[in-house]
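A.B. asks: Input: one structure, supplied below.
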Amino acid sequence: MERRRELVNFLPVLLLMLVGFASVYAARSEQINAGSLTYGLFFIGLFAGAHLLLRVAAPHADPYLLPLAALLSALGIMMIYRIDPGLAAAQTKWLMVGLGLFAAIVVFLRDYRKLDDYIYLLGALGVLLLALTIIFGSEINGARLWLRFGGLSIQPGEFSKVLITIFLAGYLNSKRELLSTTTWRFLGIPMPDLKHLLPLVTMWGLSFALLLLMNDLGTSLLFFGIFLAMTYVATGRLAYPMLGGILFTGGAILAYNIKYTVHTRVDIWLNPWTDAAGSGYQIVQSLFAIGDGGLFGTGLGKGYLLFQSGEPIIPALHTDFIFSAIAEELGLAGATALIILFMLLCYRGFKIAITSDDGFSKLLAVGLSAGLALQTFVILGGVMKLIPLTGITLPFVSYGGSSIVANYASLALLLLISHRTNAEQAS
Amino acid sequence: MNSSIRKLFFLMVLMFGGLVAVLAWWQVVQEQNLAENPHNTRKVFAQMRIERGLILDNVRGELATNRREGDLYYRVYPRGDLAAHLLGYSDPIYGRTGLERSWNDYLTGTADEVELLNALNTLTGKENRGADLKLTLDPGIQSTALSAMQDLGKRGAIVVLDVKTGAVLAMVSTPTYDPNLLEENWDQLNADADAPLLNRATQGLYTPGSSFKLITTAAALDTGTFQPDSKFKDDKGSIDIYGNTIRNWRDLPFGDHDLSEAFSQSINTTFAQVGDRLGQETLIRYMQAFGLYSKPPFELPADEIMASGRYQDGKLMSPEAAMDPVQVAWMAIGQENLQVTPLQMAMIAQAIANGGRMMKPYVVDSVADFDGTIIRQGQPRELAKPVSSGTADDLKDMMIKVVNEGTGSRLKTDKVQIAGKTGTAEVEGRGPNAWFVGFAPAEDPQVAIAVVVEDADSFGGISGPVALKTILAALGL
C-alpha cells in the first residue's frame, strides 16, 4: 500500500525532473552537450532501485520521504548541471554512494533499535570526528570544517550530526525521568539535580568549542539547536531550551568579542554594503541574485550566475549558495515551493515521531528531522542575510559528498522507524 | 512527548514561514533597490549585448564608443582620462557610474522614446542600437583645465559653466583615471588615498573659506542692510565677538574702509560683524536661495552629487539647526562646518554674472537616435533668482575690484576683465584649500568658473593661475 503510493508520488518528481533538465539544456545548449543529459536518466535509475529495495526490505515505510528527497536531489543536480555539467557527474556519483549507504542501512539496520546499545560508542565517534576536524582540518573561508585525504575532502560535521543525534536519542530516552524531576530553582526556573544537567552543560561546552575552534557559528548553532529540540521533547520542559538559549547567546556574544573571525562574520552580516566589492561581496551578490529572480524567476539556465569565463559570480554557488541560484532562476514561486518541500520533509519526520511508540524512536525521528530543518534554516537564513552567513550545505540540494551521504543515512533511519511503526499497526 | 513534538513542529513552521517572508522581502519589496544598486552588474552584463549609443562632445568628437567582441560590446573611451568622472564607466564587473549610469536607458535604447523608434526601425529593417548623447562639454576647455591642474600635481576640481545657459563647458576632477584600464587598475584605484574615482566637482566637500563671502555680501546688499560704501573700522586686525576672537590674515589691521574694500581685501573682522548683524535666519535664507542645502539638479546620478551646507559627522545638518551668535559670525566668513562643492560655487558665480538669475546646470545638449533623429533636446532653464539684478551688479563691481586691487591680482590680465572672489580655507593637518570663484568677461559675462585646489602649499593665489588659463581657453584668448 505505502509503496504503491510512493510510486505515484514519484510521478510528479519524474515529470519535474525531465522538464527541468530539458529547459536547462534548451537554455544552454551552446555550452553543454547532449551526452550529459544521461545524468538525468541515471538519476531516475537510482531512485527506481531505492524504491524497489524498499518494496522488499521496508514495505511499510513512509511513502513521502523518498520522493521528497528525490525531488530535492533532482532540483540540486539540475542546478549543479546548469552551473557546471562536470560537477553534476560528480554529484551523481555521490548520490550513488549516498543511496548505497541508504540501502545498507535499510538492509542491515532493519532493527535500528539495536543502535540504542551502542550510543556511547556512536557519540564518542561523533565527537572524535569533530575533534579530528579541529586538529587536522583545513580552513576554507576562515572556518575549519574539512578533512583532506589525498584528493578527497570530507566534512565530518555532517556525519557527526547524525551520530550525535543517535547518541542523544538513546541518552535522553534513558534519563528523561530524572531530567523531568526538579529539585531546585535557578533564576526562578525549576531545575533537575545538577548531575543530570551535566550533559546539557557538556553539550553547551561542545557547541561553544565548535564555535571557537572551528570558527563556525552555523555548525555550532545546528548542533546546539538539535540538542535543545531533543531535550525539550524528552523532558517536556521549556526551561531547558530557555536556559540553553541564554547560555548560547552569552557564548555567542563572548565569541563575538574575543574571536576576530566571528566578529568579522557578524560585521559583514550587519552591513555588507560598506565593502560590497570586498568582504561583503558574497552575500551582496547572493542578494542581487535573489532579487533578480523576482516573482517568477529568470527561468532555468537564463539567470546571470556565471561570468563569461564560466566561473560562478557568487563563490561557493554550487554548495552553500545553491539556494541563491534557485531563487534567481525560479523566483519567489519556485524558491517558496522548495522551502515548502523542506517543511513537508520535516512534517513527515515529526509525524513519524508522533506515531512511533517508543521513546528512542520518537527522539531519533525528532532529532533527525529537526536537524534537517535547522540546517535548512541556517543556510537559507545565511544566504538571505537573515542571520550571519555560515558555510553549511542545503540538505539533499547542495553539491557535496559528505552532505549527500549523511542526509541519505538520516533518511534511511527515518524510513526504518516508520516501517516498524506502520508494520506493527498493520499486523 | 507528543505535545512537545507538536509544539516543536509549530516552531519549525514559524521558522520556515520566516524564511518565506524574508525571501519575499528581497524578491518583491527590495527587488527594485537591489537591481539599481551600483554594485549590481547583472543588468550591465545583460545589456552588453546592446550596442550602446555614443557620447559626443560639443563638436561631435567621440568621448565614448564601443568595441565588439563576439556578441558583446565593450565600452571604449577614446579620450582616456579627459572627462572620466563626468562620463563615468560601464563595466560588466564594476557596474556603471556617471552619465553612463544616469543616461543608461537612452544609451541602451530601453527608454520609452527610444524603444518606440527602435520598434519602428525593426519594422523597416534597420539595425537597432542605443541613442547617442551629445554633450555641451568643450574638449578644448576641458583639456586646458585638466592639464593646468595636472601641472600643479594637486588634488582639486574645476567647473566651467556657460553664464547665459547653465551649460557645463568643463568639469575636471584630479587625480583622474583612465576608464579604459578600469579592470586592470581597480584595486589600485580603490586603495589610492587620493581617491581618483571620486568626482570632486560634484561630490567633493570643501570648506569655502572666504569664497563664502559672496553669499554673505549678497545677503548684506540684497536685504538693504548694507551698501557697498557702508563704513567699517578695523584697528586691531582682530575682533572680539561674544568672547571669541576672529582674526584677519596675519592679524593685519585695515583701518577705515568700506564694504567694497572689505570684500576685495577679504577682511574677516568686517564680515564677522556683517554676519552678526544679518543673523542666522537671513544668512541661511540666502544660502538656500543660492541652492545650498539641496542637491544641484544635475544630470549625474543623485548619489554622485552632494548638497552644500553645514555638515556634522559627515551628515548635512538641518538649515534650522540652532546656532549661537559666535557660530553665525564664523559662518559669515565661510567656516563653522560649512562644506560646499565646486559645482555649487560655479552655480553661484553663474547666477551673479547673469544678473541674479541662476540657470539649471546641464551637460546633455541633445539625445539623438542613431539615424540622427533628435529625441530629446537640452533646454536652458532658470532655476532660481536668489538676488535682484541690482545686488548682482553691485557684487560684480566688488568682484572686479578683487581682481584689480585685491586678493585676486593674479587674475589681472590685459586680455580680459575677470571678476571673482578668492578663498583660502585652513584644513587641519594639511595645506589649505585654495578657491577661485568668478566669471569673465566682467562687462558681458560668458563663462563662470569655480576652481578648488587641495593642499595648496603657498598661501593665496595657487588657484588663480589655473583659473586664468582655463578662462582664457574658454574665451578663446
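The values are calculated or read from the model by the stated rules, or taken from the named source; none is laboratory data. Model, not experiment: these values are computed from the prediction. Cβ coordinates were reconstructed from backbone atoms using ideal geometry, including for glycine residues, and neighbour counts include every protein chain displayed.
A.B. asks: Answer yes if at least one residue in region B:269-288 is under 21 Å from B:Ala201 (Cα atoms) and either over 24 Å from the mean Cα position of the chain (by Cα) or not hydroxyl-bearing (Ser, Thr, Tyr) (or both), and no otherwise. Steps first, please.
C.D. replies: In the first step, residues of region B:269-288 are kept if they are under 21 Å from B:Ala201 (Cα atoms); the result is B:287-288.
Remaining after also requiring either over 24 Å from the mean Cα position of the chain (by Cα) or not hydroxyl-bearing (Ser, Thr, Tyr) (or both): B:287-288.
Yes, the conditions are met somewhere in region B:269-288.
A.B. asks: Against the conditions (1) touching an Asp or Glu at 6+ places or on another chain (Cβ under 9 Å); (2) at the interface with chain A (Cβ under 7 Å from one of its Cβ atoms); (3) modelled with pLDDT of 90 or more, where does B:Ser4 fall short? Just the number, please.
C.D. replies: (1)
A.B. asks: Turning to a different aspect of this structure: Would you please name the residue that is nearest to the chain's Cα centre (by Cα), looking only at residues in region B:7-17 that are over 23 Å from A:Ser174 (Cα atoms) and more than 7 Å from chain A (Cβ to nearest Cβ)?
C.D. replies: The qualifying residue nearest to the chain's Cα centre (by Cα) is B:Gly17.
A.B. asks: Also: Report the residue count in region A:322-380 for those that are basic (Lys, Arg) and within 7 Å of chain B (Cβ to nearest Cβ).
C.D. replies: Of all residues in region A:322-380, those basic (Lys, Arg) come to A:348, A:351, A:362.
Then keep just the ones that are within 7 Å of chain B (Cβ to nearest Cβ); that gives A:362.
Looking only at that region, the number is 1.
A.B. asks: Further question on the same structure: Tally time: how many residues in region B:296-344 are charged (D, E, K, R), within 19 Å of the chain's Cα centre (by Cα) and more than 22 Å from B:Ser210 (Cβ to Cβ)? Step through it out loud before you land on a result.
C.D. replies: Pass one, region B:296-344, residues charged (D, E, K, R): B:299, B:303-304, B:310, B:313, B:315, B:320, B:324, B:336.
With within 19 Å of the chain's Cα centre (by Cα) added as a condition, the list becomes B:299, B:303-304, B:310, B:315.
Restricting the remaining residues to those that are more than 22 Å from B:Ser210 (Cβ to Cβ) gives B:299, B:303-304, B:315.
Number of matching residues: 4.
A.B. asks: Going through B:Gly80, B:Gly61, B:Gly95, B:Gly53 one at a time, which residue ends up being more than 10 Å from every other protein chain (Cβ to nearest Cβ), on the phi > 0 side of the Ramachandran plot and in contact (Cβ under 8 Å) with a residue 40 or more places away in the chain?
C.D. replies: Within the list B:Gly80, B:Gly61, B:Gly95, B:Gly53, the selection yields B:Gly80.
Let's see how each residue does on (1) closer than 19 Å to B:Val326 by Cα; (2) of a type in the set (Lys, Arg); (3) free of Cβ contacts under 8 Å to residues at least 60 places away in the same chain:
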| position | (1), (2), (3) |
| --- | --- |
| B:Lys233 | no, yes, yes |
| B:Gly237 | yes, no, yes |
| B:Ile241 | yes, no, no |
| B:Asn248 | yes, no, yes |
| B:Phe254 | no, no, yes |
| B:His257 | no, no, yes |
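A.B. asks: Within region B:37-53, identify whether any single residue is at pLDDT 90 or above and either crowded, with 22+ Cβ neighbours inside 10 Å or not hydroxyl-bearing (Ser, Thr, Tyr) (or both), and answer yes or no. Talk me through it step by step, then tell me what you get.
C.D. replies: So the first thing to find is which residues in region B:37-53 are at pLDDT 90 or above, and the list is B:52-53.
Those still in the list that are either crowded, with 22+ Cβ neighbours inside 10 Å or not hydroxyl-bearing (Ser, Thr, Tyr) (or both) too: B:52-53.
Yes, region B:37-53 contains at least one residue that is at pLDDT 90 or above and either crowded, with 22+ Cβ neighbours inside 10 Å or not hydroxyl-bearing (Ser, Thr, Tyr) (or both).
A.B. asks: Could you look through region B:402-417, keep only residues that are touching a strand residue (DSSP E or B) at 6+ places or on another chain (Cβ under 7 Å) and under 27 Å from B:Met331 (Cβ atoms), and pick out the one that is surrounded by the most Cβ atoms within 10 Å (Cβ to Cβ)?
C.D. replies: Filtering region B:402-417 for residues that are touching a strand residue (DSSP E or B) at 6+ places or on another chain (Cβ under 7 Å) and under 27 Å from B:Met331 (Cβ atoms), the one surrounded by the most Cβ atoms within 10 Å (Cβ to Cβ) comes out as B:Gly408.
A.B. asks: Looking at A:Ser309 and the list (1) part of a loop (DSSP other than H, G, I, E, B); (2) within 11 Å of chain B (Cβ to nearest Cβ); (3) modelled with pLDDT under 85, which single condition is not satisfied?
C.D. replies: Checking A:Ser309 against (1) part of a loop (DSSP other than H, G, I, E, B); (2) within 11 Å of chain B (Cβ to nearest Cβ); (3) modelled with pLDDT under 85, the one that fails is (2).
A.B. asks: Which condition number in (1) modelled with pLDDT under 95; (2) out of contact with any Gly (no Cβ under 7 Å at 6 or more places or on another chain) is the one that B:Gly464 fails?
C.D. replies: If we test B:Gly464 against (1) modelled with pLDDT under 95; (2) out of contact with any Gly (no Cβ under 7 Å at 6 or more places or on another chain), just (2) comes out false.
A.B. asks: Here is a further query. From the set of residues in region A:59-106 that are aromatic (Phe, Trp, Tyr) and surrounded by fewer than 24 Cβ atoms within 10 Å (Cβ to Cβ), which is farthest from A:Gly349 (Cα to Cα)? Talk me through it step by step, then tell me what you get.
C.D. replies: Just the residues of region A:59-106 that are aromatic (Phe, Trp, Tyr), to begin with: A:64, A:81, A:94, A:102.
Filter once more, so that each one left must be surrounded by fewer than 24 Cβ atoms within 10 Å (Cβ to Cβ): A:64, A:94.
Values: A:Tyr64: 10, A:Trp94: 24 Å.
Per the criteria, the residue is A:Trp94.
A.B. asks: Please report, ordered by residue number, the helices (runs of 4 or more DSSP H) entirely within region A:319-427 with at least 2 residues that are of a type in the set (Asp, Glu).
C.D. replies: Correct list: A:322-355.
A.B. asks: Sticking with this one: Of the numbered conditions (1) surrounded by fewer than 21 Cβ atoms within 10 Å (Cβ to Cβ); (2) touching a helix residue (DSSP H, G or I) at 6+ places or on another chain (Cβ under 9 Å), B:Glu382 satisfies every one except a single condition; which is it?
C.D. replies: Only one criterion is unmet by B:Glu382, namely (2).
A.B. asks: Taking region A:406-418 as the search range and keeping residues that are touching an Asp or Glu at 6+ places or on another chain (Cβ under 8 Å) and not hydrophobic (A, V, I, L, M, F, W, C), which one is farthest from A:Thr165 (Cα to Cα)?
C.D. replies: Residues of region A:406-418 touching an Asp or Glu at 6+ places or on another chain (Cβ under 8 Å): A:406-407, A:414-415, A:418.
Next, from what is left, pick out any that are not hydrophobic (A, V, I, L, M, F, W, C): A:407, A:418.
Details: A:Asn407: 12, A:Ser418: 17 Å.
Residue satisfying both the conditions and the ranking: A:Ser418.
A.B. asks: Further, regarding this structure: Quick one: which strands (runs of 3 or more DSSP E) lie wholly within region B:214-331 and hold at least 2 residues that are charged (D, E, K, R)? Before you say what the answer is, go through the steps one by one.
C.D. replies: On the way: elements: B:231-234, B:238-241, B:244-247, B:255-258, B:309-312.
Per the criteria, B:231-234, B:255-258.
A.B. asks: Checking the condition of a type in the set (Asp, Glu), within 7 Å of chain A (Cβ to nearest Cβ) and under 24 Å from A:Gly293 (Cβ atoms), which residue from B:Glu36, B:Glu31 passes?
C.D. replies: Working: B:Glu36 fails: within 7 Å of chain A (Cβ to nearest Cβ).
Result: B:Glu31 is the single residue among B:Glu36, B:Glu31 that is of a type in the set (Asp, Glu), within 7 Å of chain A (Cβ to nearest Cβ) and under 24 Å from A:Gly293 (Cβ atoms).
A.B. asks: In region A:164-193, what count of residues is obtained for those that are under 33 Å from the mean Cα position of the chain (by Cα), under 16 Å from A:Gly244 (Cα atoms) and of a type outside the set (Ser, Thr, Tyr)?
C.D. replies: 6
A.B. asks: Considering every residue within region A:31-42, establish whether at least one is under 26 Å from the mean Cα position of the chain (by Cα), surrounded by fewer than 22 Cβ atoms within 10 Å (Cβ to Cβ) and of a type in the set (A, V, I, L, M, F, W, C).
C.D. replies: Yes: region A:31-42 contains one or more residues that are under 26 Å from the mean Cα position of the chain (by Cα), surrounded by fewer than 22 Cβ atoms within 10 Å (Cβ to Cβ) and of a type in the set (A, V, I, L, M, F, W, C).
A.B. asks: Could you run through region A:237-246 and say how many residues are surrounded by 19 or more Cβ atoms within 10 Å (Cβ to Cβ) and away from chain B (no Cβ under 12 Å)? Talk me through it step by step, then tell me what you get.
C.D. replies: Filtering region A:237-246 for residues surrounded by 19 or more Cβ atoms within 10 Å (Cβ to Cβ) gives A:237, A:239-241, A:243-244.
Keeping just the survivors that are away from chain B (no Cβ under 12 Å) gives A:239, A:243-244.
Number satisfying all stated conditions: 3.
A.B. asks: Counting only residues that are in contact with a helix residue (DSSP H, G or I) (Cβ under 7 Å, 6 or more places away or on another chain) and not aliphatic (A, V, I, L, M), which one in region A:248-264 is surrounded by the fewest Cβ atoms within 10 Å (Cβ to Cβ)?
C.D. replies: A:His263
A.B. asks: Considering region A:265-293 alone, what residues qualify as being crowded, with 20+ Cβ neighbours inside 10 Å and over 27 Å from A:Ile253 (Cα atoms)?
C.D. replies: Across region A:265-293, the qualifying residues are A:Gln285, A:Phe288, A:Ala289, A:Ile290, A:Gly291, A:Asp292, A:Gly293.
Residue by residue, here is whether (1) touching a residue at least 60 places away in the same chain (Cβ under 8 Å); (2) over 25 Å from the mean Cα position of the chain (by Cα); (3) within 14 Å of another protein chain (Cβ to nearest Cβ) holds:
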| position | (1), (2), (3) |
| --- | --- |
| A:Ala252 | no, no, no |
| A:Asn257 | no, yes, no |
| A:Arg265 | yes, no, no |
| A:Trp273 | no, yes, yes |
| A:Ala277 | no, yes, yes |
| A:Ile283 | yes, no, yes |
| A:Ser286 | yes, no, yes |
| A:Gly293 | no, no, yes |
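A.B. asks: Continuing with the same structure: Given the structure, is A:Leu221 within 14 Å of chain B (Cβ to nearest Cβ), of a type outside the set (D, E, K, R) and in contact with a Phe, Trp or Tyr (Cβ under 9 Å, 6 or more places away or on another chain)? So that I can check it myself, show each step before the final result.
C.D. replies: Numbers: within 14 Å of chain B (Cβ to nearest Cβ): yes; of a type outside the set (D, E, K, R): yes; in contact with a Phe, Trp or Tyr (Cβ under 9 Å, 6 or more places away or on another chain): yes.
Criteria met by A:Leu221.
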